[in-house]
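Worksheet for the structure shown next.
The values are calculated or read from the model by the stated rules, or taken from the named source; none is laboratory data. Treat the numbers as computed from the prediction; the structure is a model and nothing was measured. So basically every Cβ, Gly included, is an ideal-geometry build from the backbone, and we count neighbours across all protein chains shown.
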Amino acid sequence: MAQLWGGRFTKETDQLVYNFNASISFDQKFYKQDIEGSVAHVIMLARQGILTNGEKDEIVKGLTSICEDVENGTLKITGEYEDIHSFVEANLIDRIGDVGKKLHTGRSRNDQVALDMKLYTRSEVLVTDQLLKELLETLIEIMEKNIDTYMPGFTHLQKAQPITLAHHLGAYFEMFKRDRLRMKDIYARMNYCPLGSGALAGTTYPLDREYTASLLGFEGPTLNSIDSVADRDYLIEFLSALSTIMMHLSRFSEEIILWNSNEYRFVEIDDAYSTGSSIMPQKKNPDIAELVRGKTGRVYGALMSLLTTMKGLPLAYNKDMQEDKELTFDAIDTVKGCISLFNGMIGTMKFNNAIMEKSAMNGFTNATDAADYLVNKGVPFRDAHGIIGRLVLYCIQQNKSLDELSIEEYQKISPIFESDIYQAISLETCVQKRLTIGAPSEKAMQKVIASNKAYLAEEFEMRKERD
Ligand code: ARG
């Protein structure tokens with residue numbers, strides 16, 4: 001057991017208590033950030049005359065060597081240390097002797113852990129954003145190729161009106177675009193440095209918090225030392241945004257599972273992204289889409305868990321907050337994995353355009369346009385709706401589609417129909433006449449695709465700052 005705080009204790013910690021309390025098994029994930037924060041702290045301490053330059057150089061050298069050795073595998077992070085902060089400090093003292101004991105001057109593990117977690121998640125926000133960007137690039141590529149691939153649009157999972165594949169995928173494009181915006185917002189809001197807040201009440205040393213904040217790429221220091229060590233809002237926001245990403249991926253997965261079924265056959269998932277059955281030789285299952293859908297609950301769980309952990313905590317730091325780590329790490333890794341796999345799956349998926357188009361042709365997806373045809377001939381919409389309703393019923397009885405009826409059959413129901421009805425309800429007319437912004441026609445989609453391509457070409461400022 002290697003602890004930083006034995007002085008006022010007369011007994012050894014019970015082994016079970018030690019194990020229960022320790023966080024090294026998971027907070028080792030941010031050893032790099034812990035060292036990065038310590039280096040900035042020590043540079044600032046020397047600049048403020050709290051450490052000599054010689055002491056600073058020795059400590060920075062020691063810390064750098066620890067980081068290198070962990071990275072090249074010669075130094076193992078083991079369970080004998082309580083947490084990553086203890087591991088780094090103990091190893092520093094081992095390597096450089098007593099001067100290493102000065103590292104923790106003007107600092108508490110409370111502001112240290114707040115900083116480490118922020119540094120770690122801040123870079124994960126950028127990674128998530130980049131993965132979303134790659135997904136958007138795949139989507140726009142498929143959209144461009146399928147601007148005239150007709151398919152049925154659904155409401156209540158019933159065929160509603162014809163759309164195009166580009167239009168349908170464009171809906172997901174907008175969702176993932178908003179997910180990226182959430183990353184940008186979270187980044188901007190979280191980007192303030194808690195280091196120098198001490199245990200909760202700052203410190204009597206003349207620390208330059210603005211300087212450490214700038215060394216670590218923050219906008220500035222946080223402005224209340226109690227809040228600095230007690231705030232986990234940024235994790236809750238991140239988990240909430242990650243949950244929304246999963247919700248989007250899950251809806252998309254659900255559609256792919258349906259579309260990949262024998263009943264739809266709109267798409268075929270590539271062999272590389274499918275799995276087989278141990279008993280049924282014919283099976284090719286959409287396991288990846290199902291797992292993405294399944295893992296959504298786990299990410300929501302992390303959000304609910306952290307909200308619950310935080311809700312009763314008095315200010316400032318409480319050990320409950322150590323519970324933020326495993327679930328956040330798990331949620332981040334889950335979401336990153338899901339976006340990448342999903343991207344690979346849709347990038348290799350085959351779209352059966354002819355089947356989608358055929359499906360759009362039946363199911364009376366052109367009934368609204370048939371009613372609009374009558375409206376254009378002066379029939380009030382409500383009456384037109386009734387006439388087409390009767391026509392659809394007649395078609396169902398005759399087992400025919402609207403475009404298979406003869407002009408005589410049309411005129412039996414209403415004399416207003418003329419032979420131009422066929423043109424008015426063709427699949428092409430139904431789609432291409434929908435010209436409003438955001439609608440499925442080729443003309444409208446081309447504008448949207450062009451503006452979304454311009455959006456993808458521009459880089460967010462948050463990325464520029466960090467590169
Ligand atoms: N492992 C702790 C955590 O994750 C670090 C902070 C410990 N601070 C303390 N006062 N015990 O929250």
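Structure above, values below:
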quantity: Residue among GLU428, GLU459 that alone is acidic (Asp, Glu) and either in contact with a Pro (Cβ under 6 Å, 6 or more places away or on another chain) or in a loop (DSSP other than H, G, I, E, B) (or both); calculated: GLU459
quantity: Selection within the range 267-280 - touching a residue at least 60 places away in the same chain (Cβ under 8 Å) and either assigned to a helix (DSSP H, G or I) or touching a helix residue (DSSP H, G or I) at 6+ places or on another chain (Cβ under 6 Å) (or both); calculated: VAL267, ASP270, ALA272, TYR273
quantity: Listing of helices (runs of 4 or more DSSP H) fully contained in the range 281-384 that carry 2 or more residues being surrounded by fewer than 16 Cβ atoms within 10 Å (Cβ to Cβ), on the phi > 0 side of the Ramachandran plot and of a type in the set (Lys, Arg); calculated: none
quantity: Residues located in the range 85-114, provided they are within 15 Å of the ligand (Cβ to nearest atom) and not aliphatic (A, V, I, L, M); calculated: HIS85, SER86, PHE87, GLU89, HIS104, ARG107, SER108, ARG109, ASN110, ASP111, GLN112
quantity: Filter result (surrounded by fewer than 17 Cβ atoms within 10 Å (Cβ to Cβ), within 16 Å of the ligand (Cβ to nearest atom) and charged (D, E, K, R)) within the range 67-84; calculated: GLU80
quantity: Filter pass, PHE364 being at pLDDT below 95 and away from the ligand (no atom under 16 Å from the Cβ); calculated: yes
quantity: Members of the range 397-425 that are in a loop (DSSP other than H, G, I, E, B) and among the polar types (S, T, N, Q); calculated: ASN399, SER401, SER406, SER414, SER419
quantity: Pairs with Cβ under 8 Å, 6+ apart, first in the range 182-211 and among the basic types (Lys, Arg), second part of a loop (DSSP other than H, G, I, E, B) and crowded, with 19+ Cβ neighbours inside 10 Å; calculated: ARG209/LEU195; ARG209/GLY196
quantity: Residue within the range 164-185 that is touching a strand residue (DSSP E or B) at 6+ places or on another chain (Cβ under 6 Å), aliphatic (A, V, I, L, M) and assigned to a strand (DSSP E or B) present; calculated: no
